[in-house]
Amino acid sequence: MQAADRLVLDTVRRGGPWPAILAVTAITGAAAELALPYLVGRTVDAFTAAAPQQTFWLALSAAVVAAVMLCESLGVWARGASAAHAAAGLRLRLLRHVLAAGLPVTRRYPGGELVTRTGLNTEEVGRAPEAVTGALTPLVPTVGALVALVLIDPRLAAALAAGVVAILLVLRAFLRTTTAVAGGYQEVQGEIAARLVDALGGARTITAAGTADREARRVLGPLPRLRARGLGLWRANATAGVQAGLVVPVVEIAVLAAGGLLLAAGDLTIGELYAAARYAVLGAALSGALGYLGGLARARSAAARVAELFTLPTPHYGTHPLPPYPPKPSGTAGGAASGRTPGTLEFRSVTAAGLAVPELVIPGGTVTAVVGRSGSGKSLLAALAARLADPSGGAVLLDGVPLTELPRRTLRRAIGYAVERPVLTGDTIADALTPYPGPSGDDLPEHVAEAARAACADSFVRRLPDGYDTPLADAPMSGGERQRLGLARAFARGERLLVLDDATSSLDTVTERQVARALTEDPRGRTRLIVAHRLATAARADQVIWLDNGAVRATGPHRDLWQDPAYRAIFQSTPHATDTAASGKHHPPPPPRAGTPSAPAPRRDGHLPGGAPVTGEDRAAPAPRAGEGRAGGPPAPAPRRDGHLAGGPAASGEGRAAPAPRRDGHLAGGAPSSGEDRAAPAPRQGQGGLAPRQSEGFGGGR
């Protein structure tokens, strides 16, 4: 609990002027209450003796009563203000820390758990100034009462001291028990919140499956444990209250009994006996700290949960600038003497969470696709490239500068990042897309509009009632439209590198092709790293990085990697690879044996011999170059008009070129032409990769 106690004290210290005001009012009020018995006693003695100072003592007593009331009123106001101020400050610090830490936080804690800790738990910790002040304030009248009784008669002070020790023991046991039980209570609260957030995120699936009742039982499953913890808190409060309630009257009776004996012996006056009785009440009022100690216990347990988040590391940024963009000619001051193209991305012996990238260079201005089966590390590689995560070993460099040495502002201006399900922030659509302001404070609205057009978002945004000024809450959007805005945000903000992590998965075929054309024809010449699931996306790229079980298995042009059956199997088993659902009949065929011909072409009716329809994979494979066979075999023979190769083997969908679409947009045989159908043109003779023609888009579609 040391970290929790430090956080509680730090929250009190950061509470601004309110904890100080609360402490002053509490101490002043306690001092006034401490002085009141003495003043009332003197007033009683003055009236009993008919002394001339009776009016003075009465007026002074009334003034002290007014001071106590004023301090109590100011204390109530200061308690609320200090709690609100402390909670707001702590919540802001925690939110910034969680957002800065990024992926490690979201991987370790569910969303509902984070909401509970940043919301409810920080509010509990925010009440620490009130709890600490309220728990310490009763010590003032207790100590003062002991001193006053010593001055009246030490024997009265001894009776009160024995009772104070007993009360302190009760409070100490109560603080320990309540802290432990409150921690368990808050833990169960976080568990319920995490389950609820998950259920709300899948509300449509739950409704469609008809499992609402079962899901409600799952969300509320921890309620019995929450009830048990709540009863534990109640029992702790009740036990401590009963114990303190028994000690207080015993202490008061002991002091009064001792005072009565002293009065009978003539050692006390009536006024002193009254003062002693009042001081006994004030000294025993330490038990009134029970409620504040309960609040302090809850604040300590909540602080332990909040402090756990603060222990997660956040990325540190450097001060090294990037080379000028575009770079000056080689050899000039500030130029790219190394000859790197702007946007060059390098991985040097990078290791992170099961991913290992020994040496990898992505040339500036190129389009690179990252492919691999689920769990191979594609998204982690993209996160490392955008510095949403840091490697445990090695370094990632942009234009020769390690990402860890770049200032945060420079880093975020240089790299644009888009994901499958983007979260849009800001008040309006324009806020969500606007990049960091330039040196003159200009938000570059034309640049934003250009990015929106490239992402095919401008048309539907302008149809909204207020266009780009439409509030996000008033702009109903489909998944594809939201994804287009996420792409536009990345296009507008990334000056050197665009990282797209499956950021086109929700787009229709036509829109995806238009976005792909914008990527390949980017006039700013930025580097593009795309996590690809569709075969057409890989076919359009300048090079492909093939990940397998957290390692780079191969890199190179798509057409070269396509010769490997294991590479082809990635797309034949990936849902996004084709437009046609997998039927179970199309499995990755084994590589042809030496001396066998390559896969034949389909018949004119769009089916393979035997009736199997042509799938996206069937149409996507590029044709072998002249003089080449498959896997060491002889050159592929030309197909006959009936769709079979010379010699009779049926066409399989591999080792042949994609059929050209008719003018009506359909493939031979009537199958509609999709983005993948048009995306894999046969390479021109002498080229090793898939270079698009000037008249074509990213994939060569018409």
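Points to keep in mind about this one:
- Amide H partners (placed H, <5 Å) of ILE530, local residues excluded: THR368, ALA369, VAL370, LEU500
- Solvent-accessible heavy-atom area per residue, rounded to whole Å², over region 441-522 at 1.4 Å: 40 Å²
- Heavy atoms of SER505 accessible to a 1.4 Å probe, total area in Å² rounded to 10: 20 Å²
- For ASP548, nonlocal amide neighbours, meaning residues 5 or more places apart or on other chains whose placed amide H falls under 5 Å from its own, are ARG553.
- Across the accessible surface of region 149-226, with the other protein chains kept in place and a 1.4 Å probe, carbon and sulfur atoms take up 64 percent.
- Distance between the pseudo-spin-label points of ALA208 and PHE310 (7 Å out from Cα toward the beta carbon): 4.4 nm.
- Ranking by accessible area, most exposed first, for THR520, THR425, THR142 with a 1.4 Å probe: THR425, THR520, THR142
- Counting only protein heavy atoms and a 1.4 Å probe, region 117-206 has 44 square angstrom of accessible area per residue.
- Solvent-accessible surface (1.4 Å probe) assigned to VAL419 amounts to roughly 50 Å².
- Taking all protein chains together and a 1.4 Å probe, the residues TYR292, TYR274 rank TYR274, TYR292 from largest to smallest accessible area.
- Near-label residues of region 386-400 by backbone N, under 17 Å of a point 7 Å along Cα→Cβ of THR351: 390-396
- The accessible-area ordering, largest first, of the residues ASP198, ASP458, ASP390 stands as ASP198, ASP390, ASP458, per a 1.4 angstrom probe.
The values are calculated or read from the model by the stated rules, or taken from the named source; none is laboratory data. Since the structure is predicted, the reported quantities are computational estimates derived from the model, not experimental observations. Glycine also receives a Cβ, built like all others from the backbone with ideal geometry; neighbour counts cover every protein chain displayed. Please note that ligands, DNA and RNA were not included when accessible areas were found on the heavy atoms of the full protein model with its side chains. Shrake-Rupley method; radii C 1.70, N 1.55, O 1.52, S 1.80 Å.
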